[in-house]
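The values are calculated or read from the model by the stated rules, or taken from the named source; none is laboratory data. These numbers were taken from a predicted model, which means no experiment stands behind them. Neighbour counts are summed over all protein chains in view; Cβ atoms, including those assigned to glycine, are modelled from backbone coordinates with ideal geometry. These accessible areas exclude ligands, DNA and RNA; they are computed on the full protein's heavy atoms, side chains included. Shrake-Rupley method; radii C 1.70, N 1.55, O 1.52, S 1.80 Å.
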Amino acid sequence: MELRKIQASDNNITLFINGNLDADGSRFAQPHIDDVIAQESARDIEIDFSQVQFLDSSGVGAIVYLYKRLVERQRTMRIENVSGQPLEIINLLRINQAIPVNSQTH
């Protein structure tokens with residue numbers, strides 16, 4: 001798994017996740033997530049799921065953890081470019097009712 005953080009502007013950070021957001025991927029992502037939370041200047045966080053093929057409960061936990069910490073700090077988060085199995089999980093668990101989700105359309 002690979003995770004890149006790109007600060008598009010002072011207010012926006014995009015996290016590009018390349019790989020599975022499972023137990024191993026979530027452990028790998030945790031320090032990056034904590035870093036994003038600590039970076040108070042960025043108000044809007046976007047997570048790019050275009051390269052995520054698999055999402056499990058650990059990955060859902062990591063997403064919810066990040067979302068809750070950002071909301072506590074009056075910050076926003078959205079998930080972009082979701083498709084396939086990750087989109088099915090997000091819809092099944094109704095994560096999209098709390099976190100804005102934009103899916104890929106092919």
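Under a Cβ-only charge scheme (Lys and Arg +1, Asp and Glu -1), can you give me the dipole magnitude of the chain about the Cα centre, in debye to the nearest 20? Write down the numbers at each step before the final one.
On the way: 10 positive and 14 negative charges, 55 e Å.
So the dipole magnitude of the chain works out to roughly 260 debye.
Work out the FRET efficiency for residue 35 and residue 93 from their Cβ-Cβ distance, taking R0 = 25 Å, and round it to the nearest 0.05.
Values: r = 26 Å, r/R0 = 1.02.
For residue 35 and residue 93, the calculated efficiency is 0.45.
Give me the mean projected area, in nm² to one decimal, of the convex hull enclosing the Cα positions of the chain.
With every direction weighted equally, the projected area is 5.9 nm².
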Descending accessible area (1.4 Å probe), largest on the left, turns 77, 1 into 1, 77
Excluding ligands and nucleic acids, what accessible area in Å² is computed for residue 60 using a 1.4 Å probe, to the nearest 10? 20 Å²
Of the residues 104, 63, 49, the Cα lying farthest along the dipole of the chain towards its positive end, which is defined by charges on the beta carbon of Lys, Arg, Asp and Glu, belongs to 63
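Please give the length that would be gained between residue 69 and residue 23 if that part of the chain were fully extended, namely 0.36 nm times their separation in residues minus their C-alpha to C-alpha distance (nm, one decimal).
Result for the pair: 14.6 nm of gain on full extension.
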DSSP loop trypsin sites (Lys or Arg not before Pro) in the range 4-90 with at most 16 other Cβ atoms within 10 Å of their Cβ, which ones? 43, 73
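Among bridges DSSP assigns within the chain, what percent are antiparallel (round to 5)?
Details: 7 of 22 bridges.
Percentage antiparallel, nearest 5: 30.
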Beyond 19 Å, what share of the Cα-Cα pairs of the range 5-66 is found? Please give it as a whole percent. 25 percent
